[in-house]
Amino acid sequence: MNFSWLAPLSRPLVVAHRGSSGKAPENTLAAFRLARDEGADAIELDVHLSGDGDAVVIHDGNLARTTGGKGPVRNHTLEQLKRLNAASGWEGKYTFEPIPALDEVLREFGQVLGINIEIKGEYRTEAQRELVRRCVECVRRHKLSGSVMISSFRVRALKEVGFLDPGIIRGLLYDPLYRPVRMPSAFAKSLGIQYLIMNRKRLLKRTVSAVHRAGIMAGEYAVNSTFQAGRSLRYGTDAVYTDFPSEIIRFFDRIK
Ligand code: G3P
Ligand code: MG
């Protein structure tokens, strides 16, 4: 596969945020397939730990919003989770989409798309560690250490990834409202991390410049309009996370 997080194209990498989640149920195989068909460079997905210790692809720790299920993901086994419908709210367009296991996504897309696994999950240290271990083990089993990025808001999780497999690209999700640091680029650099990824609403041009001066790359989410994508180009962002990959790719192609 001709993909690298670190050697981007002449325009920003287009990363399908939770898959093509503007047109398909987020974090499902349907959303990832659509992203592939639309020509996205990579997909982003979120992971939690199931009750029986599997890495499962879902954004929230609670099942209600995306599946209509009840309670935390961690209180359910993979088999129980598989019975829930992650296309809840998409009636008329999608009938049933299961919650994928990370393993299934890596198996189907690992050779065709870049993949960004965002570690969500528990704050409880042991559960967080177990989730990180599961993800790294899955990436290694599929021999994808060279093309997967693991990202997280949680510094400890990222340190653990670096410890378990220093070959995996790491992205620090940074939000100044959540954890203000004076020099986010220097902070990421000090952790040995290759990407700093920020909410576009809080990303400044000078932050992108500082990130580049530190020798790392800049990602921003969610870039969902051509106006926003135009700003990404002016800022020199390396990767844009979008719910609408085809629209953003078309825009980049048009102004090439
Ligand atoms: O990785 C960027 C983005 O996914 C972080 O926010 O809430 O969409 O997971 P969220
Ligand atoms: Mg995410």
- Compactness index (Cα Rg / 2.2 N^0.38 Å), the chain: 0.95
- Message: Give me the dipole magnitude in Debye, nearest 20, for the stretch 146-200 about the Cα centre, with unit charges on the beta carbon: positive for Lys and Arg, negative for Asp and Glu.
- Response: 200 debye
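Would you work out the relative contact order for the stretch 55-165, in percent, from Cα pairs under 8 angstrom that are 6 or more residues apart?
Values: 129 pairs, mean separation 25.3, N = 111.
About 23 percent, as a whole number.
Share of the stretch 33-77's accessible area from carbon and sulfur, percent, 1.4 Å? Spell out each step's value before the answer.
Numbers: 780 of 1700 Å².
Reported share for carbon and sulfur atoms: 46 percent.
At a Förster radius of 25 Å, what calculated FRET efficiency corresponds to the Cβ-Cβ distance of residue 33 and residue 83, to the nearest 0.05? Please report the intermediate quantities before stating the final value.
On the way: r = 21 Å, r/R0 = 0.86.
So the FRET efficiency works out to roughly 0.70.
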- Query: If you add up the charges near residue 27, with Lys and Arg at +1 and Asp and Glu at -1, over every other residue whose beta carbon is less than 15 angstrom from its beta carbon, what do you get?
  - Reply: -4
- Item | In nm, spacing of pseudo-spin labels at residue 225 and residue 255 (7 Å Cα→C-beta vector) | 1.4 nm
- In the stretch 139-180, which chymotrypsin sites (Phe, Trp or Tyr not before Pro) fall in coil by DSSP and have 15 or fewer other Cβ atoms within 10 Å? 178
- Item | More than 23 angstrom apart: percent of Cα pairs within the stretch 95-232 | 39 percent
- Query: So what are the ³J(HN,Hα) numbers for the stretch 190-199, from phi and the Karplus equation (6.51, -1.76, 1.60; θ = phi - 60°), rounded to whole Hz, Gly and Pro as x?
  - Reply: 5, 8, x, 8, 8, 10, 10, 10, 10, 4
- Query: Taking the DSSP beta bridges in the chain as the whole, what percent of them are antiparallel, to the nearest 5?
  - Reply: 15 percent
- Between the DSSP loop rule and a limit of at most 12 other Cβ atoms within 10 Å, which GluC sites (Glu not before Pro) in the stretch 38-112 are left? 91
- Note on the structure: Quick numbers on the stretch 168-247, Rg and Dmax over C-alpha atoms in Å, give 12.1, 36
- Distance in nm between label sites at residue 141 and residue 181, each 7 Å beyond Cα in the beta-carbon direction? 3.2 nm
- If you stretched the chain out fully between residue 1 and residue 91, how much longer would it get, using 0.36 nm times the residue separation minus the C-alpha to C-alpha distance? 28.9 nm
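Helix-derived [θ] at 222 nm for the chain: sum -39500 (n - 2.57) over DSSP H runs of at least 4, divide by residue count, nearest 500?
Computed ellipticity for the chain at 222 nm equals -10000 deg cm²/dmol.
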- Task: Provide the per residue accessible area, probe 1.4 Å, for the chain, rounded to a whole number of square angstrom.
- Result: 44 Å²
- Put +1 on the Cβ of every Lys and Arg and -1 on every Asp and Glu Cβ in the chain; which of 173, 110, 35 then has its Cα farthest towards the positive end of the dipole? 173
- Express in Å², to the nearest 10, the accessible area of residue 36 obtained by rolling a 1.4 Å probe over the protein heavy atoms while all chains stay in place. 90 Å²
- Query: Relative contact order (percent) for the chain, with alpha-carbon contacts under 8 angstrom and 6 or more residues of separation?
  - Reply: 21 percent
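Could you order 181, 240 so the one with the most accessible surface comes first? Probe is 1.4 Å.
Most to least solvent-accessible, the answer reads 181, 240.
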- Message: Under a Cβ-only charge scheme (Lys and Arg +1, Asp and Glu -1), can you give me the dipole magnitude of the stretch 85-219 about the Cα centre, in debye to the nearest 20?
- Response: 840 debye
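The values are calculated or read from the model by the stated rules, or taken from the named source; none is laboratory data. Just so it is clear, the model here is predicted, and its values are computed rather than measured. Positions of Cβ are generated from backbone atoms using ideal geometry, with glycine treated the same way; all protein chains shown enter the neighbour counts. Protein only, heavy atoms only, side chains kept; ligands, DNA and RNA dropped before computing areas. Shrake-Rupley method; radii C 1.70, N 1.55, O 1.52, S 1.80 Å.
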